[in-house]
Every structure is written in structure tokens, then in C-alpha cells.
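A quick write-up on the structure given underneath.
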Amino acid sequence: MFRARQKTTVKGTCPSWPRRAKKEISYLEDAKIKNATTLDNTPSGTVEIITIELPGHHFELMSAGPLFKFTPAVSFLVACTTKEEVDTLWGKLSNGGSALMELGEYPFSEKYGWVQDRYGLSWQVMLMGDRKIKQKIIPTLMFVGKQCGKAEEAINVYTSVYHNANFGDILRYGLGEAPDKEGTVKHAAFTLEGQEFAAMDSAHPHDFTFNEAISFEVRCETQKEIDYYWGKLSADPTAEQCGWLKDKFGLSWQIVPAILDEMLKDKDKKKIARVTEAFLKMKKFDIALLKRAYEGR
């Protein structure tokens, strides 16, 4: 549901990743560290969770040991107003990272580049020109491998599940753009609960796809909302754990009660431990059971 904000969970591949990554949020203006929580005795050991706010977007950074690695199947496009802004961001994000598309001029932008930063997270830095910027950071989904050609279907599914949603502009591949099939999605825009996303198909050979390293959090106020989104999105029972699910396209979502944030911010470590123990046993979150654990009942 995202409510008034969108939140993305980004799982790091080493325990110290959140602490190191949070030092670099100054890359973007108006960046803030919102909260830090430590969870003990999880399957990944001691897990550090740090919530940061970048312009218009909340990220939750989570250490998860060596279990998950970022892939370019999900990247974050940063909409820039000047060439200088593009150059500055590119310089900082590419330091220690690797270019997926070199910074330069392209038919769709006078200055654009796609880079994996030093942590493996993918960013697209783009000069928007005369285009109006409604959202500074736009999550972008790339459908590859077995999912290639399903971008349009996925957008239709997502915009049918969320109540305040819209399928925006779409640009399709034409003849002569092999290996991409004519009519599939070169780029499409859509919004969910007022938050912008983009999607594309790519038939080029890739050795990656969506995984749990990046997920999108749906914040729910009631158990009825949790039940609704879980029922609509979950397509792989083996992937259901601690509020996480995978949809039919392999994309990961978290269906999370809003009250959990407040529980995990509590300074009482015994309360946090009880809540952690309770939700580690859950697949779909049960708000009543979480409240009981929090209250020690």
C-alpha cells in the first residue's frame, strides 16, 4: 500500500554493509538517517537494520550475511536536472563500482549512465532535460530470462492489485531490435499508491534475475489489508517467510503491519527479542500475535 511513502528493503551481502553504506547518503540532497535497529538470534545471526530517507524514498538497509546478492534486475533511476548533477553522482556512485552502460549521450537522454556501485547496487543516472520530474528516485524493474516479455503483464497485475494505481506511457521494441521481440516493452511507466515505477523487457543474455536482495514493502494498518495483499501477490509458498513473498514474476514484496516499525523502535530489548522470536515463526504476519508477544502475554 506504501501509504504516503514507498519503502524498499535492500539486503546487504556482508554484516557491516549498512554501517558503511549509510555514510554515503550525502550523495543526494536532503538525505537523512531515520532509524537503526539490531535484531539478535535470526537465521542470519545478528541483523542490523538502518532506515534512511533519500529524496522522496525510504530505504531500509539490512545485513543478511552472504545469502543475497544485488542484481541489475532492480535498479534505481535518479532523475537529474543538470549535467553537473549527473557528473557528480556518476563520479561518486562509480567510485569502486562498475559501469553497465557508460556515461554518455543516448537517444533518450543527453547524459545518462547505468552503474553498479561498490556494494553491487544498481543506479541509473539520467539528465531529464525538459521532462517534468515528479519523483527523484524511480525503482526500475528489468524482466530478463524466463520473465522477458512479461513486463506489460506484470504492470497490469500490479495496477489491478493496488487501489490507487495507473499504467502510464509505454515505449515498445520495433522491428530490427533483435533479440528483443517486436511489441515487448522497451520502457514503461506506472504508479502504485502515488509512487512511480518503471519497467522494461530485455532479451539479451543475462545471468541474473529478481531475488530477495531487494524487496518492496507494503505497509498495512489492519490484518484485513495484510490478508488481501498476501492473497493477491504470493505465488511461491516456498518463498514465504517473515512477511516476505514472491509474486508470479519472482519479484519480492514485504507485506508488513505498520505497527511493527514502532515495536522495533522500542528501547526495551526484551520486547524486541519477543517480537523477533514471534515473527521468525511466521510466514504471513499476524498482527494479534505480534501484539501479544510485544506485551509479553
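The values are calculated or read from the model by the stated rules, or taken from the named source; none is laboratory data. This is a predicted model, so every value here is computed, not measured. Reconstructed Cβ throughout: ideal geometry from the backbone, glycine too, with neighbour counts over all protein chains shown. Just the protein is used for accessible areas: all its heavy atoms, side chains included, with ligands, DNA and RNA removed. Shrake-Rupley method; radii C 1.70, N 1.55, O 1.52, S 1.80 Å.
Before moving on, here are some points about what is shown:
- Test set (1) in contact with a Gly (Cβ under 7 Å, 6 or more places away or on another chain); (2) of a type in the set (Val, Ile, Thr); (3) under 29 Å from Asp169 (Cα atoms) - Val256 fails condition number: (3)
- Among (1) out of contact with any strand residue (DSSP E or B) (no Cβ under 9 Å at 6 or more places or on another chain); (2) farther than 30 Å from Asp201 by Cβ; (3) not aliphatic (A, V, I, L, M), the one test that Gln241 misses: (2)
- Assessment of segment 96-104 against the conditions (within 25 Å of Glu53 (Cβ to Cβ), in contact with a helix residue (DSSP H, G or I) (Cβ under 7 Å, 6 or more places away or on another chain) and touching a residue at least 12 places away in the same chain (Cβ under 8 Å)) yields no matching residue.
- Failed item, numbered, when His57 is tested on (1) buried (at least 18 other Cβ atoms within 10 Å of the Cβ); (2) at pLDDT 80 or above; (3) closer than 30 Å to Thr276 by Cβ; (4) not hydrophobic (A, V, I, L, M, F, W, C): (2)
- Among residues that are modelled with pLDDT under 75, on the phi > 0 side of the Ramachandran plot and open to solvent by 50 Å² or more (accessible area, probe 1.4 Å), Gly65 is not included.
- Hits in segment 181-198 - residues which are touching a residue at least 24 places away in the same chain (Cβ under 8 Å) and in a loop (DSSP other than H, G, I, E, B): Lys181, Thr184, Glu193, Gly194
- Selection within segment 98-154 - of a type in the set (Gly, Ala, Ser) and either open to solvent by 50 Å² or more (accessible area, probe 1.4 Å) or not in a helix (DSSP H, G or I) (or both): Ser98, Ala99, Gly104, Ser109, Gly113, Gly120, Ser122, Gly129, Gly145, Gly149
- Test set (1) over 20 Å from the mean Cα position of the chain (by Cα); (2) closer than 17 Å to Tyr162 by Cβ; (3) surrounded by 14 or more Cβ atoms within 10 Å (Cβ to Cβ); (4) in contact (Cβ under 8 Å) with a residue 24 or more places away in the chain - Tyr228 fails condition number: (4)
- For segment 236-251, residues that are part of a loop (DSSP other than H, G, I, E, B), open to solvent by 10 Å² or more (accessible area, probe 1.4 Å) and out of contact with any helix residue (DSSP H, G or I) (no Cβ under 7 Å at 6 or more places or on another chain) total 3.
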